[in-house]
Amino acid sequence: MTTNSNAPTPAAPTGNSDLIYQLDDTPAFAPALFAALQHVLASFVGIITPTLIVGSALGLGAHVPYLVSMALFVSGLGTFVQAKRIGPIGSGLLCLQGTSFGFLSVILSAGFIVKGRGASEEEILATLFGICFCAAFVEITFSQFINKLRKVITPVVTGTIICLMGLSLIKVGMTDLAGGYGAADLGALHHLALGGLVLGTIVLLNRAPSQVLRLSAVIIGLTLGFAVAWFNGRVDFANMAEVPLLSVPQPFKYGFSFDWIAFVPIAVIFLITPLETAGDLTANSIISKQPVKGPLYMRRIKSGVLADGCNSAVAAMFNSLPMTTFSQNNGVIQLTGVASRHVAFYIAAILILLGLFPAVGAVLQLMPKPVLGGATLIMFGTVAVAGIKILSEAGLHRRNVLIVAISLGLGLGVAGVPEVLSHMPDVLKNIFGSPITIGAFSAIALNIFLPDEQQEVEEDDYDPEAHLHTVLQNRQDDSVDDSSLKSLGRDLTPDARTS
């Protein structure tokens with residue numbers, strides 16, 4: 001079946017069935033700004049949370065306000081590049097770039113490796129950003145061959161790795177909910193009550209009939225938890241006067257350093273995230289009534305993944321964590337009926353302005369650990385479930401079950417019993433001590449070694465719009481689930497599917 005830009009896009013069971021503004025339309029200021037604010041609201045927590053977690057876990061407190069500012073700043077730059085399309089870089093779609101949760105576990109692992117050698121906070125950051133800058137070129141290179149490696153990086157591999165990402169991070173979320181690393185009263189009832197309030201608020205708002213409330217559930221839950229903590233005297237604004245008025249972006253402010261041992265796990269994730277990006281861009285194309293086959297579609301996929309890699313390199317240069325294309329914003333396009341890529345320029349301007357004022361990061365740094373933990377526990381669990389969805393769609397027949405079982409067993413086993421590597425050389429111990437790395441290598445190796453029992457699906461018989469229609473009809477609400485879009489898009493991408 002041939003899909004063209006004029007073909008009708010299947011609608012969700014309820015909600016917008018037609019786009020008010022098409023991809024290349026230019027909305028007036030008011031509707032464009034309103035749509036942009038909803039995109040920012042849907043993605044704000046996702047952009048800043050990885051930085052808050054890394055800063056907290058690695059003890060980088062003094063640098064967190066600046067790091068949060070830079071996360072917002074480079075998200076704005078990345079969003080502009082992705083939508084504007086500068087030369088071969090950028091998909092030209094209404095896509096929002098933000099800090100990737102997928103890298104969180106390997107970033108923390110690398111940070112602890114460097115910190116364990118007695119490095120200062122500045123040296124830790126110099127190494128992290130140096131590694132991420134170099135590793136971004138893995139994705140930049142991969143973007144040009146994404147259609148050639150579908151036999152190696154398949155849904156069963158990506159599903160296993162994404163599942164490991166979520167499962168390995170749940171401990172971080174639960175520790176924060178209980179009071180945070182090093183807390184003398186870890187697990188105290190007042191910590192659990194505060195974290196439970198945030199978690200419960202998010203759950204209740206996700207049952208609300210209003211789609212706006214559901215999209216805002218996490219940020220409302222965090223705001224409520226922060227307000228309750230402030231009312232109970234657990235938030236101290238005394239040091240806010242010392243926060244500078246502006247954050248000036250400085251390339252490699254903390255220097256540039258490199259570590260091969262810490263580089264390998266991060267490079268592995270840079271091979272996985274392009275497939276998620278391809279899925280997000282495919283889902284975005286369908287929602288925006290754009291082709292999902294043919295040369296224009298493939299150009300968008302390659303250019304979008306290339307933009308992800310380039311934006312991640314720029315993010316590292318400006319002292320922020322790797323970038324990825326956010327999927328939750330596809331739901332905002334359905335909600336608003338606005339698919340115009342010109343809205344992304346407003347989004348970019350808002351994020352850049354927020355990033356120039358470090359007071360935003362300074363206030364967020366004051367957020368008590370249980371408040372953050374109540375939200376991140378759900379986020380990390382959702383990552384694991386997204387991996388499970390991908391695995392279920394890939395088919396859990398005998399071969400895939402064996403791949404998943406061994407890879408999860410090795411990854412979680414090393415995380416739970418790190419002593420199993422105690423007699424290995426330090427180089428191997430540090431590389432394979434990451435559950436993501438050992439699980440990824442295991443999944444890739446087994447996927448190559450074990451013969452595929454499934455019959456190849458003919459792409460000419462595959463109807464992506466019918467598939468999307470079926471998925472949407474099976475949903476009980478009128479929103480598109482983030483992880484569903486990622487896994488759905490991965491199915492919809494012929495060059496990212498496996499036999």
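Where a number appears in this text, it was derived from the coordinates with a stated rule and is not lab data. What you see is a predicted model; the values in this text were computed from it and never measured. So basically every Cβ, Gly included, is an ideal-geometry build from the backbone, and we count neighbours across all protein chains shown.
Tabulated data for the structure shown
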item: Rounded to whole Å, sorted largest first: equivalent-ellipsoid semi-axes of segment 190-251, Cα gyration tensor; result: 29, 19, 9
item: Net charge of Cβ neighbours under 14 Å - reference G180; Lys, Arg +1; Asp, Glu -1; result: +1
item: By average C-beta atoms within 10 angstrom, highest first, the peptides 320-331, 181-192, 126-137; result: 320-331, 126-137, 181-192
item: Helix runs (DSSP H) in the chain reaching 27 Å along axis by Cα, Kyte-Doolittle at least 1.0; result: 29-57, 64-84, 121-142, 155-177, 260-287, 369-394
item: Label-reachable residues, segment 387-410, where backbone N falls under 11 Å from a point 7 Å from V420's Cα toward its Cβ; result: 406-410
item: For the chain, convex hull volume per residue from C-alpha positions, Å³; result: 144 Å³
item: Proximal charge balance of A57 [Cβ under 13 Å; K/R count +1, D/E count -1]; result: +1
item: I390, I403 arranged by Cβ crowding within 10 Å, fewest neighbours leading; result: I403, I390
item: Packing-based order for 57-64, 234-241, 267-274, using average beta carbon neighbours within 10 Å, highest first; result: 267-274, 57-64, 234-241
item: Ascending count of other beta-carbon atoms within 10 Å, so fewest first, for T154, T141, T26; result: T26, T141, T154
item: Listed residue pairs exceeding 29 Å between alpha carbons, taken from K171/K289; K115/K253; K171/K302; K115/K302; K171/K389; K302/K389; result: K171/K289; K171/K302; K115/K302
item: Environment charge of P368, counting only residues whose C-beta is closer than 14 Å and scoring Lys/Arg +1, Asp/Glu -1; result: -1
item: Selection from I202, S120, L372, by position along the positive dipole direction of the chain (Cβ); result: S120
item: Packing-based exposure ordering (other Cβ within 10 Å, fewest first) of D259, D280; result: D259, D280
item: Segment 85-189: C-alpha gyration tensor shape, a/c 1.5 cut-off, then a/b vs b/c; result: prolate
item: For segment 348-377 versus segment 410-442, the gap between their alpha-carbon centres in whole angstrom; result: 33 Å
item: Bins of 5 Å, starting at 0 and running to the largest distance - Cα pair percent for segment 31-142; result: 2, 10, 18, 22, 18, 13, 9, 5, 2, 0, 0
